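The values are calculated or read from the model by the stated rules, or taken from the named source; none is laboratory data. Bear in mind the structure is a predicted one, so any value in this text is a computation, not a measurement. Note: ideal-geometry Cβ built from the backbone for every residue, glycine included; neighbour counts use all protein chains shown. With ligands, DNA and RNA removed, areas are computed over all heavy atoms of the protein, side chains included. Shrake-Rupley method; radii C 1.70, N 1.55, O 1.52, S 1.80 Å.
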Amino acid sequence: MKNSLNDTPWRDGTLKKSKDIVSLLEERVKTSIPIEGFDLSSTNLENINLVNHGSSTGYKLNNSDFYKANLKNSHCFKVDFSGSSLMKVNFENANLHFANLTNCNLLGCNFKHAKLENVIWDKEVIQERKAKEAKSREEMIDYYQQAEEIYRSLRRTMEADGLFETAGLFFQKEMKMRRKQMPAYSLKRLLSKIVEISCGYGERPLRIVSISMLVILLFSFLFFFSGISYLGNTISFSIDNSLSENINVFFNSLYFSIVTFTTLGYGDITPVGISKVFTSIEALLGGFILALFVVVFVKKMTR
(Lines give C-alpha, C1' and ligand atoms only; values in the text may rest on other atoms or scores of the structure.)
Protein backbone atom coordinates (compact mmCIF):
# COMPACT_ATOMS: atom_id res chain seq x y z
CA MET A 1 0.00 0.00 0.00
CA LYS A 2 1.54 3.32 -1.10
CA ASN A 3 1.82 6.06 1.52
CA SER A 4 -0.40 8.91 0.32
CA LEU A 5 -0.24 10.72 3.66
CA ASN A 6 1.84 13.79 4.29
CA ASP A 7 4.21 12.65 7.01
CA THR A 8 6.55 15.61 6.70
CA PRO A 9 5.20 17.29 9.90
CA TRP A 10 5.88 14.06 11.76
CA ARG A 11 9.40 13.74 10.40
CA ASP A 12 10.47 17.32 10.99
CA GLY A 13 9.07 17.31 14.54
CA THR A 14 6.32 19.86 13.96
CA LEU A 15 3.48 17.67 15.24
CA LYS A 16 5.27 16.52 18.38
CA LYS A 17 4.53 19.93 19.90
CA SER A 18 0.78 19.39 19.57
CA LYS A 19 -1.27 18.91 22.75
CA ASP A 20 -3.19 16.17 20.91
CA ILE A 21 -0.07 14.21 20.01
CA VAL A 22 -1.45 10.99 21.52
CA SER A 23 -4.74 11.00 19.58
CA LEU A 24 -2.99 12.17 16.40
CA LEU A 25 -0.49 9.30 16.55
CA GLU A 26 -3.23 6.79 17.38
CA GLU A 27 -5.16 7.91 14.29
CA ARG A 28 -2.01 7.79 12.18
CA VAL A 29 -1.15 4.18 13.10
CA LYS A 30 -4.72 3.08 12.35
CA THR A 31 -4.06 3.77 8.65
CA SER A 32 -1.81 0.67 8.82
CA ILE A 33 0.74 2.51 6.67
CA PRO A 34 4.17 1.83 8.21
CA ILE A 35 5.66 4.71 10.13
CA GLU A 36 9.20 5.57 9.12
CA GLY A 37 11.57 8.21 10.48
CA PHE A 38 9.16 10.08 12.78
CA ASP A 39 10.60 12.60 15.26
CA LEU A 40 8.83 11.83 18.53
CA SER A 41 11.67 12.78 20.84
CA SER A 42 10.71 14.18 24.26
CA THR A 43 6.99 13.67 23.56
CA ASN A 44 4.47 12.70 26.22
CA LEU A 45 2.77 9.56 24.91
CA GLU A 46 1.55 8.27 28.26
CA ASN A 47 -1.34 5.80 28.02
CA ILE A 48 -1.18 5.73 24.21
CA ASN A 49 -2.86 2.73 22.57
CA LEU A 50 -0.80 1.33 19.70
CA VAL A 51 -2.44 -2.11 19.59
CA ASN A 52 -3.51 -3.28 16.14
CA HIS A 53 -6.80 -4.89 17.20
CA GLY A 54 -8.14 -7.68 15.04
CA SER A 55 -4.80 -8.27 13.32
CA SER A 56 -2.11 -10.88 13.80
CA THR A 57 0.59 -8.28 13.21
CA GLY A 58 1.38 -5.09 15.09
CA TYR A 59 1.86 -1.56 13.86
CA LYS A 60 5.24 -0.57 12.46
CA LEU A 61 7.07 2.41 13.96
CA ASN A 62 10.47 1.90 12.38
CA ASN A 63 13.62 4.01 12.40
CA SER A 64 11.97 6.74 14.43
CA ASP A 65 13.34 8.96 17.19
CA PHE A 66 11.72 8.36 20.59
CA TYR A 67 14.57 9.90 22.60
CA LYS A 68 13.33 10.70 26.14
CA ALA A 69 9.71 10.02 25.10
CA ASN A 70 7.27 9.11 27.85
CA LEU A 71 5.40 5.89 27.01
CA LYS A 72 4.39 5.10 30.57
CA ASN A 73 1.33 2.81 30.73
CA SER A 74 1.35 2.58 26.93
CA HIS A 75 -0.15 -0.37 25.06
CA CYS A 76 2.45 -1.55 22.55
CA PHE A 77 1.44 -5.17 21.98
CA LYS A 78 3.32 -6.52 18.94
CA VAL A 79 4.51 -3.04 17.94
CA ASP A 80 7.55 -3.13 15.65
CA PHE A 81 10.03 -0.52 16.92
CA SER A 82 12.97 -1.97 14.98
CA GLY A 83 15.62 0.53 14.04
CA SER A 84 14.26 3.23 16.33
CA SER A 85 16.14 5.18 18.98
CA LEU A 86 14.56 4.31 22.33
CA MET A 87 17.30 5.97 24.34
CA LYS A 88 16.02 7.06 27.78
CA VAL A 89 12.43 6.18 26.87
CA ASN A 90 10.12 5.61 29.84
CA PHE A 91 8.30 2.31 29.32
CA GLU A 92 7.18 1.99 32.95
CA ASN A 93 4.12 -0.28 33.24
CA ALA A 94 3.92 -0.49 29.43
CA ASN A 95 2.61 -3.59 27.66
CA LEU A 96 5.38 -4.71 25.31
CA HIS A 97 4.30 -8.32 24.79
CA PHE A 98 5.74 -9.59 21.47
CA ALA A 99 7.14 -6.14 20.63
CA ASN A 100 10.09 -6.01 18.23
CA LEU A 101 13.01 -4.12 19.80
CA THR A 102 15.74 -5.24 17.43
CA ASN A 103 18.36 -2.76 16.25
CA CYS A 104 17.11 -0.20 18.79
CA ASN A 105 19.23 2.01 21.02
CA LEU A 106 18.10 0.88 24.48
CA LEU A 107 20.57 2.91 26.53
CA GLY A 108 18.86 4.39 29.59
CA CYS A 109 15.46 2.78 28.87
CA ASN A 110 13.16 2.42 31.87
CA PHE A 111 11.31 -0.92 31.70
CA LYS A 112 10.17 -0.90 35.33
CA HIS A 113 7.14 -3.19 35.75
CA ALA A 114 6.72 -3.38 31.96
CA LYS A 115 5.28 -6.56 30.46
CA LEU A 116 8.20 -8.00 28.51
CA GLU A 117 7.22 -11.60 27.81
CA ASN A 118 8.18 -12.77 24.30
CA VAL A 119 9.82 -9.49 23.34
CA ILE A 120 12.05 -9.85 20.28
CA TRP A 121 15.54 -8.80 21.38
CA ASP A 122 18.76 -8.49 19.42
CA LYS A 123 21.43 -11.12 19.93
CA GLU A 124 23.70 -8.16 20.59
CA VAL A 125 22.80 -4.53 21.23
CA ILE A 126 23.89 -1.71 18.92
CA GLN A 127 26.68 -0.64 21.27
CA GLU A 128 28.19 -4.13 21.25
CA ARG A 129 28.31 -4.11 17.46
CA LYS A 130 29.83 -0.64 17.39
CA ALA A 131 32.49 -1.69 19.89
CA LYS A 132 33.66 -4.37 17.47
CA GLU A 133 33.97 -1.73 14.75
CA ALA A 134 35.67 0.91 16.94
CA LYS A 135 38.89 2.42 15.62
CA SER A 136 40.45 3.11 19.01
CA ARG A 137 40.58 1.29 22.32
CA GLU A 138 39.03 4.27 24.12
CA GLU A 139 36.04 4.22 21.77
CA MET A 140 35.74 0.45 22.10
CA ILE A 141 35.80 0.61 25.91
CA ASP A 142 33.12 3.33 25.90
CA TYR A 143 30.79 1.24 23.74
CA TYR A 144 31.38 -1.88 25.85
CA GLN A 145 30.58 0.11 29.00
CA GLN A 146 27.31 1.28 27.44
CA ALA A 147 26.48 -2.28 26.36
CA GLU A 148 27.21 -3.56 29.86
CA GLU A 149 24.90 -0.91 31.33
CA ILE A 150 22.09 -1.91 28.97
CA TYR A 151 22.43 -5.63 29.69
CA ARG A 152 22.61 -5.00 33.45
CA SER A 153 19.46 -2.87 33.35
CA LEU A 154 17.61 -5.51 31.31
CA ARG A 155 18.83 -8.28 33.63
CA ARG A 156 17.57 -6.46 36.73
CA THR A 157 14.23 -5.74 35.09
CA MET A 158 13.80 -9.40 34.11
CA GLU A 159 14.70 -10.56 37.61
CA ALA A 160 12.17 -8.15 39.13
CA ASP A 161 9.49 -9.49 36.77
CA GLY A 162 10.34 -13.13 37.48
CA LEU A 163 11.66 -13.80 33.96
CA PHE A 164 14.74 -15.58 35.25
CA GLU A 165 15.60 -17.50 32.09
CA THR A 166 15.85 -14.28 30.07
CA ALA A 167 17.59 -12.58 32.99
CA GLY A 168 20.24 -15.29 32.87
CA LEU A 169 20.91 -14.62 29.19
CA PHE A 170 21.33 -10.91 29.83
CA PHE A 171 23.59 -11.64 32.81
CA GLN A 172 25.90 -13.66 30.57
CA LYS A 173 26.03 -10.76 28.10
CA GLU A 174 26.66 -8.30 30.93
CA MET A 175 29.63 -10.30 32.18
CA LYS A 176 30.96 -10.72 28.66
CA MET A 177 30.88 -6.94 28.11
CA ARG A 178 32.74 -6.50 31.40
CA ARG A 179 35.39 -8.99 30.27
CA LYS A 180 35.85 -7.18 26.96
CA GLN A 181 36.90 -4.05 28.89
CA MET A 182 39.75 -5.87 30.64
CA PRO A 183 43.30 -5.67 29.27
CA ALA A 184 43.90 -8.18 26.51
CA TYR A 185 45.76 -11.33 27.57
CA SER A 186 45.44 -10.42 31.27
CA LEU A 187 44.97 -13.21 33.82
CA LYS A 188 41.68 -11.68 34.97
CA ARG A 189 40.32 -11.73 31.44
CA LEU A 190 41.53 -15.29 30.90
CA LEU A 191 39.83 -16.49 34.09
CA SER A 192 36.61 -14.73 33.06
CA LYS A 193 36.73 -16.50 29.69
CA ILE A 194 37.26 -19.86 31.40
CA VAL A 195 34.23 -19.25 33.63
CA GLU A 196 32.16 -18.38 30.57
CA ILE A 197 33.20 -21.50 28.71
CA SER A 198 32.84 -23.83 31.69
CA CYS A 199 29.48 -22.72 33.07
CA GLY A 200 28.23 -19.61 31.24
CA TYR A 201 28.93 -17.46 34.29
CA GLY A 202 26.83 -19.78 36.40
CA GLU A 203 23.88 -19.92 33.99
CA ARG A 204 24.73 -23.11 32.08
CA PRO A 205 25.02 -26.10 34.47
CA LEU A 206 24.78 -28.55 31.57
CA ARG A 207 28.09 -27.22 30.27
CA ILE A 208 29.69 -28.54 33.47
CA VAL A 209 28.19 -31.97 32.80
CA SER A 210 29.66 -31.93 29.28
CA ILE A 211 33.07 -30.87 30.58
CA SER A 212 32.93 -33.60 33.22
CA MET A 213 32.28 -36.22 30.58
CA LEU A 214 35.15 -34.93 28.46
CA VAL A 215 37.55 -34.96 31.43
CA ILE A 216 36.54 -38.50 32.38
CA LEU A 217 36.95 -39.68 28.78
CA LEU A 218 40.31 -37.95 28.40
CA PHE A 219 41.74 -39.57 31.51
CA SER A 220 40.27 -42.91 30.49
CA PHE A 221 42.52 -42.84 27.43
CA LEU A 222 45.49 -41.70 29.51
CA PHE A 223 45.01 -44.63 31.89
CA PHE A 224 44.36 -46.92 28.95
CA PHE A 225 47.80 -46.18 27.49
CA SER A 226 49.79 -45.54 30.70
CA GLY A 227 48.52 -48.61 32.56
CA ILE A 228 46.68 -49.39 35.78
CA SER A 229 46.89 -52.21 38.32
CA TYR A 230 43.93 -54.62 38.45
CA LEU A 231 43.97 -57.67 40.75
CA GLY A 232 47.72 -57.31 41.13
CA ASN A 233 48.35 -57.24 37.38
CA THR A 234 49.27 -54.19 35.33
CA ILE A 235 46.94 -53.81 32.38
CA SER A 236 47.20 -51.36 29.48
CA PHE A 237 46.75 -51.11 25.75
CA SER A 238 48.96 -53.45 23.77
CA ILE A 239 49.11 -54.32 20.10
CA ASP A 240 49.71 -57.89 21.23
CA ASN A 241 46.31 -57.98 22.92
CA SER A 242 43.22 -59.12 21.09
CA LEU A 243 40.52 -56.57 20.31
CA SER A 244 38.29 -57.92 23.09
CA GLU A 245 41.18 -57.72 25.59
CA ASN A 246 41.92 -54.08 24.67
CA ILE A 247 38.22 -53.22 24.92
CA ASN A 248 38.11 -54.78 28.37
CA VAL A 249 41.19 -52.76 29.39
CA PHE A 250 39.55 -49.57 28.12
CA PHE A 251 36.36 -50.15 30.10
CA ASN A 252 38.41 -50.82 33.22
CA SER A 253 40.24 -47.55 32.53
CA LEU A 254 36.91 -45.77 32.07
CA TYR A 255 35.62 -47.20 35.34
CA PHE A 256 38.81 -46.15 37.14
CA SER A 257 38.54 -42.66 35.65
CA ILE A 258 34.95 -42.28 36.89
CA VAL A 259 35.73 -43.35 40.47
CA THR A 260 38.81 -41.12 40.47
CA PHE A 261 36.88 -38.10 39.12
CA THR A 262 34.13 -38.55 41.71
CA THR A 263 36.78 -39.21 44.40
CA LEU A 264 35.09 -42.49 45.37
CA GLY A 265 38.30 -44.57 45.16
CA TYR A 266 37.04 -48.12 45.74
CA GLY A 267 40.60 -49.50 45.65
CA ASP A 268 39.95 -52.46 43.37
CA ILE A 269 41.96 -50.69 40.65
CA THR A 270 45.05 -48.63 41.50
CA PRO A 271 47.38 -46.41 39.47
CA VAL A 272 50.92 -47.39 38.57
CA GLY A 273 53.84 -45.32 37.31
CA ILE A 274 52.84 -42.15 35.48
CA SER A 275 49.18 -43.01 36.10
CA LYS A 276 49.65 -41.80 39.67
CA VAL A 277 50.25 -38.28 38.36
CA PHE A 278 47.17 -38.48 36.13
CA THR A 279 45.13 -39.78 39.07
CA SER A 280 46.12 -36.84 41.26
CA ILE A 281 45.29 -34.31 38.54
CA GLU A 282 41.90 -35.89 37.77
CA ALA A 283 40.95 -36.10 41.45
CA LEU A 284 41.67 -32.38 41.90
CA LEU A 285 39.75 -31.49 38.75
CA GLY A 286 36.86 -33.74 39.74
CA GLY A 287 36.53 -32.20 43.20
CA PHE A 288 36.56 -28.68 41.78
CA ILE A 289 34.16 -29.39 38.90
CA LEU A 290 31.65 -31.24 41.11
CA ALA A 291 31.69 -28.39 43.64
CA LEU A 292 31.16 -25.91 40.81
CA PHE A 293 28.22 -27.92 39.50
CA VAL A 294 26.55 -27.93 42.94
CA VAL A 295 26.94 -24.14 43.25
CA VAL A 296 25.58 -23.45 39.75
CA PHE A 297 22.74 -25.96 40.08
CA VAL A 298 21.63 -24.57 43.45
CA LYS A 299 21.76 -21.03 42.02
CA LYS A 300 19.50 -22.00 39.14
CA MET A 301 17.05 -23.99 41.29
CA THR A 302 16.65 -21.37 44.03
CA ARG A 303 15.59 -18.56 41.75
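What to note about this one:
Residues are listed down the side, and each one gets a yes or a no for (1) surrounded by 14 or more Cβ atoms within 10 Å (Cβ to Cβ); (2) farther than 30 Å from Phe171 by Cβ:
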residue	(1), (2)
Cys199	yes, no
Glu203	yes, no
Ile208	yes, no
Leu214	no, no
Phe219	yes, yes
Phe224	yes, yes
Ile228	yes, yes
Gly232	no, yes
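- Take the conditions (1) open to solvent by 30 Å² or more (accessible area, probe 1.4 Å); (2) over 26 Å from Val296 (Cα atoms); Gln127 misses just one of them, which is (1).
- Every condition in (1) more than 20 Å from Val294 (Cβ to Cβ); (2) assigned to a helix (DSSP H, G or I); (3) modelled with pLDDT of 95 or more holds for Phe171 except the one numbered (1).
- Filter result for Arg189 (open to solvent by 80 Å² or more (accessible area, probe 1.4 Å) and not β-branched (Val, Ile, Thr)): no
- Residue list for the stretch 259-280, filter: in contact (Cβ under 8 Å) with a residue 40 or more places away in the chain and closer than 30 Å to Glu203 by Cβ: Thr260, Phe261
- Filter pass, Phe293 being of a type in the set (A, V, I, L, M, F, W, C) and more than 19 Å from Val209 (Cβ to Cβ): no
- Of the criteria (1) within 30 Å of Ile120 (Cβ to Cβ); (2) assigned to a helix (DSSP H, G or I), which one Gly202 fails: (2)
- Residues that are open to solvent by less than 60 Å² (accessible area, probe 1.4 Å), in contact (Cβ under 8 Å) with a residue 12 or more places away in the chain and on the phi > 0 side of the Ramachandran plot occur in the stretch 66-78; there is at least one.
- Filtering Phe288, Phe256, Phe293, Phe237 for residues that are part of a helix (DSSP H, G or I), in contact (Cβ under 8 Å) with a residue 12 or more places away in the chain and open to solvent by 20 Å² or more (accessible area, probe 1.4 Å) leaves a single hit, Phe293.
- Looking across the stretch 144-167, the residues that are open to solvent by less than 50 Å² (accessible area, probe 1.4 Å), part of a helix (DSSP H, G or I) and either small (Gly, Ala, Ser) or out of contact with any Gly (no Cβ under 9 Å at 6 or more places or on another chain) (or both) come down to Tyr144, Gln146, Ala147, Glu148, Tyr151, Ser153, Leu154, Thr157, Thr166, Ala167.
- Matching residues, the stretch 148-175, being of a type in the set (Lys, Arg) and within 9 Å of the chain's Cα centre (by Cα): Lys173
- Count of the stretch 52-72 residues which are assigned to a loop (DSSP other than H, G, I, E, B), farther than 18 Å from Thr31 by Cβ and touching an Asp or Glu at 6+ places or on another chain (Cβ under 6 Å): 1
- Any hit, the stretch 4-21, residues being of a type in the set (Gly, Ala, Ser) and either part of a strand (DSSP E or B) or within 26 Å of His97 (Cβ to Cβ) (or both): no
- Scanning the stretch 1-40 for residues that are surrounded by 16 or more Cβ atoms within 10 Å (Cβ to Cβ) and either within 13 Å of Ala69 (Cβ to Cβ) or among the aliphatic types (A, V, I, L, M) (or both) yields Leu15, Lys16, Ile21, Val22, Leu25, Val29, Ile33, Ile35, Phe38, Asp39, Leu40.
- Where a residue in the stretch 41-58 is farther than 13 Å from Leu71 by Cα and its partner, wherever it lies, is among the hydrophobic types (A, V, I, L, M, F, W, C), with Cβ under 6 Å and at least six apart: Val51/Phe77; Gly58/Val79
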